[in-house]
Amino acid sequence: MRLVSVVAAALMMILNGTALAQQAELVDRTYSGVSKETNPQVAKRVIQDEASQKVSEEIIQELIGNDRFLKNKTLIQNKIIRNSARYIPFTKPSALTQNADEFKMSVAMKVSLKDLKQMLQDNSLLNENEAVPVVLPLVSWQDRVEGRSYRWWLPLDKNPQGFLVKEGRLLEEALRGAFQKNNFYLIKPIEAGLAASVPADFQNEKIGGEDAQFFAQYFNAPVVVDGQVNLTKGERNNFRIEIKMTALQVSNGRAIADVSRRFDTDSGSFENAIDKKLREVLEGTANDLAVQVMDAWQRGSLGTSMIRLTIQGRQPLPVLEGMKEKIRSQLTQVKNIRERLVSADSVSFEVDTSVPASELVGKLESLDLDGKRLSRVSEGQNEIVLKWAQ
């Protein structure tokens, strides 16, 4: 009997956990409407249909923006709202009341943001940009064995660099293929000979800050890949390749993806060993970076800003996890939230959001976190500090 009781209790915990997880993905909305229909049943149906329509429009506008909503209104109506039952799993109408020549009723609904976002994504409506996103690689090569370097945006010097140019083309090809599979277009600057078009003022060894902004605008590429490939001697008569690449959203300097790899070649001549190993590993390395960028794009993280959110006060782990789920599911303006620092009396997160901190803080304060609430301590352009309200 004791074993049966333990199993039953464990099963109940699993079922409750599943139910809570499903509930956390649902947004509560209420719509109050009126109808001048004379038949009560017809009036009830009209108000319910209006409720699904209006609530759907409101949330979709929050997710994709008003301009995009208006531009794609017909597609949204036919492909999304017409199938609202797929993302509105629960509706509860109030009692129908009559006042003079019209009926009144309110409708409580639960909307699945997860399912709605998936439908928007399936119809290419969730991404921040409609055009194929363009990526520009800015990868430097450093050969510490032969004492030479190569950057495609600098004029070639007198040192023989043919080998590095050749390997740079290999990397370009790998990146182009990887990003193309994920619906991005990557410029191949070496193949296109873009060095000749770079103004002298921007022919610097390291590109960053305003220079990166210039390159992004000049080549119409909102995402750049800042990278380094270092070639050094190994420990066993071989050579070592270190590859570091970071994809940056240039508009705000945010890193949205990164890879760091280290490979040891077989023994042999320098150029043959390096070339062989790069041909083995570049595709996988490029794919890793491209998938991360695509993930950020699908989450709607591109075009957002990063805000540091600090919550003062100690709370049990289940409360913090529940808070994160509520933020993810209830606030359509939050694209992602990641825990970054935990101390004895506070926890900090990085929040991807499409609204400024001044607007986000109000939405966070309005959240009902299972009977608990957050209140404002301070607010800056890129940081919000809240505390658990008493």
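The values are calculated or read from the model by the stated rules, or taken from the named source; none is laboratory data. Note that this is a predicted model, so its numbers are computed, not measured. Counting neighbours? That spans all protein chains shown, and the Cβs are built from the backbone with ideal geometry, glycine included. With ligands, DNA and RNA removed, areas are computed over all heavy atoms of the protein, side chains included. Shrake-Rupley method; radii C 1.70, N 1.55, O 1.52, S 1.80 Å.
Key figures for this structure:
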| read-out | value |
| --- | --- |
| Signed unit charges on C-beta, dipole axis of the chain, positive-most listed residue LEU125, SER267, LEU171 | LEU125 |
| Cα gyration tensor shape of the range 203-273, rounded if a/c is under 1.5, else prolate or oblate by comparing a/b with b/c | prolate |
| Kirkwood hydrodynamic radius (C-alpha pairs) into Stokes-Einstein, the range 248-390, 37 °C and 0.692 mPa s, D in µm²/s | 186 |
| Using alpha-carbon coordinates, inclination of helix 40-64 to the longest axis of the chain, degrees | 20 |
| 1.4 Å probe accessible area per residue over the chain, in Å² | 53 |
| Diffusion constant of the chain at 4 °C, which comes from Stokes-Einstein with the Kirkwood Cα-pair radius and 1.567 mPa s, µm²/s | 52 |
| Accessible-area order (highest first, 1.4 angstrom probe) of the listed residues THR91, THR285, THR38 | THR38, THR91, THR285 |
| Values of log10 I(q)/I(0), in the order q = 0.16, 0.22 Å⁻¹, for the range 150-257 under a Debye, Cα-only, solvent-free model | -0.82, -1.46 |
| Probe 1.4 Å - accessible area at LEU125, Å² to nearest ten | 0 |
| Qualifying trypsin sites (Lys or Arg not before Pro) in the range 51-96, DSSP loop, other Cβ atoms within 10 Å at most 13 | none |
| Heavy-atom SASA rank of ASP368, ASP288 (probe 1.4 Å, accessible area, largest first) | ASP368, ASP288 |
| Protein-only accessible surface order, largest first, of ARG376, ARG340 at 1.4 Å | ARG340, ARG376 |
| The chain: angle of helix 2-24 to the longest principal axis, Cα-based, in degrees nearest 10 | 80 |
| Farthest toward positive dipole pole in the chain [+1 Lys/Arg, -1 Asp/Glu at C-beta], among PHE215, ILE59, ASN39 | ASN39 |
| Crossing angle, helix 270-298 versus the chain [Cα axis fit, 0-90 degrees, rounded to tens] | 20 |
| Helical contribution to [θ] at 222 nm, DSSP H n ≥ 4, -39,500 (n - 2.57), averaged over the chain, rounded to 500 | -12500 deg cm²/dmol |
| Solvent-accessible area, 1.4 Å probe, carbon plus sulfur percent, for the chain | 48 |
